[in-house]
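Take a look at the structure below.
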Amino acid sequence: MSHQTAPGSTGAPRTNQGSAQNQGFLSFFLHACAKHAGVSWRDAVAPLLAAVGAYALVHLSLASVSALGAMCVGAVAAVVVGTLALRRALGTTARHDATVALVKALLDANRECLKLLDPNGRLLRISEYGAELMRAAGPDQLAGADWLDFWSGSEAIAARDAFEGALQGSRTSFTGTCPTTAGEPKVWQSRLIPVERSGGGIYGVLCASLDVTKEAELAADLRAKEALMSEMEAHIGLCFYSYSADFSYFHHISAGCASVFGLSASTLRERPEAWMDVVLPEDRPIVQAAMQRIAETSVGGRTQYRIRANGGAIRWVQSTAYPILDAAGKVARVIGVTEDVTAEQERLVELDRLAYTDSLTGLANRAALVRGIEERCRQDTSFALMFVDLDRFKVLNDTLGHTAADRLLKSLSEDIQASLPAGAFLARLGGDEFAVLIDDAQDKDHLAGIAKSILGALRQTGEPTPAGTFVTASIGISVFPENGADHETLLTSADIAMYAAKKAGRNGFRFADQVATGRIVDFRLERDVPAALAAKQFVLHYQPIYQPHSLEMCSVEALIRWRHPAHGLVPPDVFIPILEESGFINEVGAWVMDEALRQLAQWRQSGAQGLGVSVNVSARQLRDAAIVDVVNTALRRHGLPASSLQLELTESALMENPELAQRTLRALKELGVRIAIDDFGTGYSSLRYLADFSPDTLKIDRSFIARLESDFAIHKIVRGIIQLSHALGLTATAEGVEYPPQLRLLRDAQCDFVQGYLLSKPVAPEQVFGLSIVGSGAEGNVASVVTQDAGAVPHTA
Ligand code: C2E
Ligand code: CA
Ligand code: CA
């Protein structure tokens, strides 16, 4: 097929080239038609115009019509009407020129690939712009090409069907992919319009193809995204949704909703409120409030609630919703995701259970108790806190061993639980401490009844201790709000009351009183005692006692110190009275006895055979007949003769309960233990008890020794005490010897033993060997200084 070039087209500027070529295409049409059909071009114009007009109308009717297309339609309509009018009104040449101009304008405006195909599907001609779209050098490059060959596979069949349809006079369409001359695939949306001869029959087919590659790519992309989205939604067990702003319908609801709510997406589309039916009725208000909040405040949020899907087990779900706002800032829709969080919820419940449960007894623990107290304080209604502390459980723990003691604790906790009224809250605070919350605390008698029933339950427990006694407890009761308005004050008040019960002889209960709260500092020190014993915070220091002339160390006095983690090395004056008050002195005293004798045995084994030890015994210890056992056991355990031990008792301790003291002392003396009256001269100084208690030693109080030189009367009294001791067959020991003249006067007075800072301060056991030992030649510098009666003397410790 030869190429017809319109005059002036070659070398035309790029912008004009298209229109010049279109003019060429048009004249080609006109000439080709005339030549092929053997008619004049005028006859050929009519079918061509009809074809172009029909094409434009089809173009208009399709959705993808562009503004340019619309203009084309107007132009074509004008051409059709105008041509008829022109035929009459103008001359032949003028009509031809006008027609050419109009059709040219139409082609110029067109953005499609226009092709005229012969009845065999061969390209008679392609528009300039079409050639450009096909990346051809020009229309000639494609002239004669078989349009049907452009397509492959199923598209080739569709292309042929569309082409044949057009040959039969129908307007057909077809979409397919064919490559450009550069090999780049493009998607074409083609319309095929039959071009009829004026005399009837088909001249050819006009094929107008729109390059829709970009749109097709976008559509494919969108489809892929949609597919990915629905795959994800289907496989991730989450319910994604987009809800209308008034929650009346879903724009979108994912397949995952079936796994969360047990409701299919189609059910929810039909009946958007169906999911609310599976929410537990008691949780519906929470959900509704959350929905309302989003609608009103335009702020998203997260809500957890329970559902019962398909009549099955209750499950926890969590819904996170975000409002999408329109330009005016109003909620346009609500999007969100709902997921099943049952497993997480169960884990949280389990963690909560572990955090608030005592592992041994399964009861609530201290944290749970504190939470319980705080809740009740917030409710502001009267309630009582009972602090239950088992008596002497530490001793049991030591004798039974931990496993058996734990078993006993568990069974005791069950006994306490069984004795409580319904609704009472029982917690174990740790060790042998329990606490009970009673919600109605108006009636003190009622509370007393409950405390008695706890004590009774423990008494009746079938588990006697190895000592044959039953476990008892001391109970302190504090009441909200009288004894405190927060958990700390209430616990402290109950704790103090519990110690008051212990002081009153144990196995009883006490109500808290406000005065007691003032003694909180003492109390705190005291509360640490069992822990201190367990943690070995008590230590013994030893102060030597010497023969005054030779300065031989005859014995040592054991003096306790508390290495307190917070208070440092606490002296005995501070804590002994507290231990005495609380009764802990018995436990601590037993430890002192054992430790002092253990240490003495070690020293004796290391060569200090004649060394003795003095141990202080308080009034409270003397009241407990068990002291005889404690002493005897310790002596035997360490293989020491009773004579190596001296017990120091104060006058006041002896006078507290003289008969009981006398009995205990007699038993101790029968063991062979020596007895010293400590701080002699400061107490009753009743000469009667010297006969009654028949001690072995009088320890003259250091207040006398301090005034020995300065006060002649005191000097006489001290000499008198020493003589009295000797007359009764006792020995005398002077305490608090600080200066050499005191030592000289005591030597003159025939004092048997001396003790004081001049010779040695109390020292740690490992330092005792560094001092002079029995028979090791004690006349060191101290002795020489003393003989010279010099003033300043260096202390040995
Ligand atoms: P205490 O039995 O009269 O013990 C002697 C106290 O006098 C000791 O004080 C000792 O350090 C101090 N002292 C010794 N020589 C001198 C001196 O030359 N000058 C002065 N100013 N003081 C001197 P510590 O160790 O503070 O003991 C105080 C009290 O605590 C003891 O008085 C005793 O009653 C009691 N205590 C100590 N250990 C125990 C114990 O294991 N059990 C009991 N129940 N009471 C103990
Ligand atoms: Ca003493
Ligand atoms: Ca003393």
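The values are calculated or read from the model by the stated rules, or taken from the named source; none is laboratory data. Keep in mind it's a predicted model, so treat the numbers as computed, not measured. No Cβ is skipped: glycine too gets one built from the backbone with ideal geometry, and neighbour counts run over all protein chains shown. Ligands, DNA and RNA are excluded from the accessible area calculation, which covers all protein heavy atoms including side chains. Shrake-Rupley method; radii C 1.70, N 1.55, O 1.52, S 1.80 Å.
Observations on the structure shown:
- Per the conditions (1) over 29 Å from GLN646 (Cα atoms); (2) modelled with pLDDT of 80 or more; (3) not polar (S, T, N, Q), the sole criterion not satisfied by ARG519 is (2).
- Among residues of the stretch 648-659 being in contact with a helix residue (DSSP H, G or I) (Cβ under 9 Å, 6 or more places away or on another chain) and open to solvent by less than 50 Å² (accessible area, probe 1.4 Å), the one that is farthest from GLY681 (Cα to Cα) is PRO658.
- For the stretch 648-660, the criterion of being touching a strand residue (DSSP E or B) at 6+ places or on another chain (Cβ under 7 Å), in a helix (DSSP H, G or I) and of a type in the set (Ser, Thr, Tyr) is satisfied by no residue at all.
- Of ARG604, ARG620, ARG663, all but one fail to be away from ligand 2 (no atom under 15 Å from the Cβ) and closer than 22 Å to PRO765 by Cβ; the exception is ARG604.
- Scanning the stretch 723-737 for residues that are in a helix (DSSP H, G or I) and either within 16 Å of ligand 2 (Cβ to nearest atom) or surrounded by fewer than 24 Cβ atoms within 10 Å (Cβ to Cβ) (or both) returns GLN723, LEU724, HIS726, ALA727.
- Against the conditions (1) more than 24 Å from the chain's Cα centre (by Cα); (2) open to solvent by less than 60 Å² (accessible area, probe 1.4 Å); (3) assigned by TED's automatic domain parsing to the domain that holds TYR249, GLU339 satisfies every one except (1).
- Selected residue (criterion: nearest to GLN543 (Cα to Cα)) from residues of the stretch 633-647 that are open to solvent by 40 Å² or more (accessible area, probe 1.4 Å) and assigned to a helix (DSSP H, G or I): SER643
- For SER259: the one exception among (1) open to solvent by less than 20 Å² (accessible area, probe 1.4 Å); (2) part of a helix (DSSP H, G or I); (3) in contact (Cβ under 8 Å) with a residue 40 or more places away in the chain: (1)
- Here ARG563 fulfils each of the conditions (1) crowded, with 19+ Cβ neighbours inside 10 Å; (2) more than 27 Å from ARG674 (Cα to Cα); (3) modelled with pLDDT of 80 or more apart from (1).
- Residue check for PHE693: open to solvent by less than 20 Å² (accessible area, probe 1.4 Å) and more than 16 Å from ligand 3 (Cβ to nearest atom): yes
- Qualifying positions in the stretch 661-681 - assigned to a helix (DSSP H, G or I) and not basic (Lys, Arg): ALA661, GLN662, THR664, LEU665, ALA667, LEU668, GLU670, LEU671
- Take the conditions (1) of a type in the set (Asp, Glu); (2) touching a residue at least 24 places away in the same chain (Cβ under 8 Å); (3) in a helix (DSSP H, G or I); GLU557 misses just one of them, which is (3).
- Among the residues making up the stretch 289-308, those that are touching a helix residue (DSSP H, G or I) at 6+ places or on another chain (Cβ under 6 Å) and β-branched (Val, Ile, Thr) are THR303, ILE307.
- For first residues located in the stretch 90-111 and open to solvent by less than 40 Å² (accessible area, probe 1.4 Å), partners that are in a loop (DSSP other than H, G, I, E, B) and lie 6+ apart or on another chain with Cβ distances below 7 Å form the pairs LEU107/SER127.
- In the stretch 262-291, the residues that are within 18 Å of VAL337 (Cβ to Cβ) and not in a helix (DSSP H, G or I): GLY262, LEU263, SER264, PRO272, VAL279
- On inspection, LEU687 does not qualify as of a type in the set (A, V, I, L, M, F, W, C) and either closer than 26 Å to ASN507 by Cα or within 12 Å of ligand 1 (Cβ to nearest atom) (or both).
- Residue within the stretch 317-328 that is of a type in the set (Phe, Trp, Tyr) and modelled with pLDDT under 95 present: yes
- Selected residue (criterion: farthest from the chain's Cα centre (by Cα)) from residues of the stretch 265-282 that are open to solvent by 10 Å² or more (accessible area, probe 1.4 Å) and within 17 Å of VAL317 (Cα to Cα): GLU273
Yes or no, residue by residue, for (1) touching a residue at least 40 places away in the same chain (Cβ under 8 Å); (2) open to solvent by 30 Å² or more (accessible area, probe 1.4 Å); (3) not in a loop (DSSP other than H, G, I, E, B):
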position	(1), (2), (3)
TYR129	yes, yes, yes
ASP149	no, yes, yes
ARG160	no, yes, yes
PHE174	no, no, yes
GLY183	no, yes, no
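- Number of residues in the stretch 616-632 that are open to solvent by 40 Å² or more (accessible area, probe 1.4 Å) and within 13 Å of ligand 1 (Cβ to nearest atom): the value is 4.
- Residue within the stretch 570-582 that is among the aromatic types (Phe, Trp, Tyr), open to solvent by 50 Å² or more (accessible area, probe 1.4 Å) and within 30 Å of ASN507 (Cβ to Cβ) present: no
- Residues that are open to solvent by 60 Å² or more (accessible area, probe 1.4 Å) and either in a helix (DSSP H, G or I) or within 16 Å of ligand 2 (Cβ to nearest atom) (or both) were ranked within the stretch 699-712; the one that is nearest to SER555 (Cα to Cα) is ARG702.
- Residues that are out of contact with any strand residue (DSSP E or B) (no Cβ under 7 Å at 6 or more places or on another chain) and either in contact (Cβ under 8 Å) with a residue 40 or more places away in the chain or within 30 Å of ASP629 (Cβ to Cβ) (or both) were ranked within the stretch 467-482; the one that is surrounded by the most Cβ atoms within 10 Å (Cβ to Cβ) is THR472.
- Taken as a whole, the condition of being farther than 16 Å from ILE675 by Cα and crowded, with 21+ Cβ neighbours inside 10 Å applies to LEU600.
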